[in-house]
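Taking it in order: structure first as structure tokens, then the write-up.
What follows is calculated from the coordinates using simple rules that are stated; it is not laboratory data. Keep in mind it's a predicted model, so treat the numbers as computed, not measured. When we count neighbours, we look across all protein chains shown, and the Cβ atoms used for this are built from the backbone with ideal geometry, even at glycine.
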Amino acid sequence: MYMSYKYCTEAEFLNLKKRLNLLKRNILAKFQSMQELKREEDNDYLNLIFKIKDPKPFVGTFSIIYKDVPEQTLFHIGVLKYYDLNDKRHFKGSSIGNDTGLDFIEKNYEAIVDKAMSLYESWEKEDLTEYLEISERKHR
């Protein structure tokens, strides 16, 4: 097994992966506005990333990202809303929790996702003031 983390043992990785898979199923069952955003390489990571279903031009994501730190199991939780216009990706993001334990996330995932969705839905186009230059080629 290929390990992507310095401070996570193989046994810890497998246990966390199992817990995250259950959490993912619970979130998808409870929140119809979410769909899993999966890439092939995600199997090597302890991250959950969901696409928020929203009418164009907006795209949103909700993420729970593992933080590889010694002797702790912590995650960063965030939400992002963006749209692309004239070779620029306009966006706004917010952290819902920066050093959050998995036990807390599992017990409170409904409130966490509700908070993320509330923030996401409150952001209007004019709130998406940060931007990155993008090239048309990357999005084909």
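Only one of Lys53, Lys81, Lys88 is charged (D, E, K, R) and closer than 18 Å to Glu110 by Cα; which?
The unique qualifying residue is Lys53.
Give the residue, chosen from Tyr120, Tyr82, that is buried (at least 16 other Cβ atoms within 10 Å of the Cβ) and under 21 Å from Lys30 (Cα atoms).
Just a single option satisfies the conditions, and that option is Tyr120.
Condition (residue is touching a residue at least 24 places away in the same chain (Cβ under 8 Å), of a type in the set (D, E, K, R) and surrounded by fewer than 11 Cβ atoms within 10 Å (Cβ to Cβ)) applied to the range 4-17: is it met by at least one residue?
Just the residues of the range 4-17 that are touching a residue at least 24 places away in the same chain (Cβ under 8 Å), to begin with: 4-8, 12-13, 16-17.
Okay, now just the ones that are also of a type in the set (D, E, K, R), so 6, 12, 17.
Going one step further and asking which of them are surrounded by fewer than 11 Cβ atoms within 10 Å (Cβ to Cβ), we end up with 6.
Looking through the range 4-17, at least one residue is touching a residue at least 24 places away in the same chain (Cβ under 8 Å), of a type in the set (D, E, K, R) and surrounded by fewer than 11 Cβ atoms within 10 Å (Cβ to Cβ).
Which condition breaks for Lys38 when tested against (1) within 15 Å of the chain's Cα centre (by Cα); (2) in a loop (DSSP other than H, G, I, E, B); (3) in contact (Cβ under 8 Å) with a residue 40 or more places away in the chain?
Going through (1) within 15 Å of the chain's Cα centre (by Cα); (2) in a loop (DSSP other than H, G, I, E, B); (3) in contact (Cβ under 8 Å) with a residue 40 or more places away in the chain one by one, Lys38 breaks only (3).
Which condition from (1) surrounded by 14 or more Cβ atoms within 10 Å (Cβ to Cβ); (2) part of a strand (DSSP E or B) is the one that Asp99 breaks?
(1)
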